[in-house]
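Read the figures in this text as sums done on the coordinates, not as results from a lab. All values reported here derive from a predicted model rather than from experimental measurement. As a convention, Cβ positions derive from the backbone with ideal geometry for all residues, glycine included, and neighbour counts pool all protein chains shown.
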Amino acid sequence: MSNRVPADIVPGAYAEERRERLSYVIGLVLALALTAGAFAVVGLGLLSGGAALAVLGLLAFIQAVVHLRFFLHIDLERSHRDDLMLILFTVLILLIMVSGTVWILYDQHVRMMP
């Protein structure tokens, strides 16, 4: 097998494809490691109670950042900031909806209890 670039591919595009593939592999390894870490915390009982929830929340946040960076290719470059702002606005709307729902359900629970 040779390392020659096919004739129909621009030489710069081949390097770009290789970098993108490497980005996917790094993201996959990080995502699997973070998932295994979360399963280890719960399955092996390394932490309990609030500490376990805090570690799981931190691992979930890091995993979301890994997915945004390595799979969706959203970083802090100038051209990607609009995409990042759109995602952050979506997260804000979802947080408002979920917290409002929890608030209403809690209020109904308090009012229904004798």
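Results, tabulated for the structure shown:
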quantity: HN-Hα J in Hz across segment 89-97 - Karplus 6.51, -1.76, 1.60, θ = phi - 60°, x for Gly and Pro; calculated: 5, 4, 5, 4, 4, 5, 5, 5, 5
quantity: Rounded to the nearest 20 debye, dipole of segment 65-114 from Cβ charges on Lys, Arg, Asp, Glu; calculated: 120
quantity: 0 to 90° range, to nearest 10: angle between helix 50-66 axis and the chain longest Cα axis; calculated: 30
quantity: Option label - log10 I(q)/I(0) by the Debye sum over Cα atoms at q = 0.11, 0.13, 0.23 Å⁻¹ computed here, alternatives [x] -0.71, -0.83, -1.22; [y] -0.64, -0.80, -1.20; [z] -0.40, -0.53, -1.24; calculated: [y]
quantity: Approximate spin-label separation S99-L86, in nm, with each point projected 7 Å along Cα-to-Cβ; calculated: 2.5
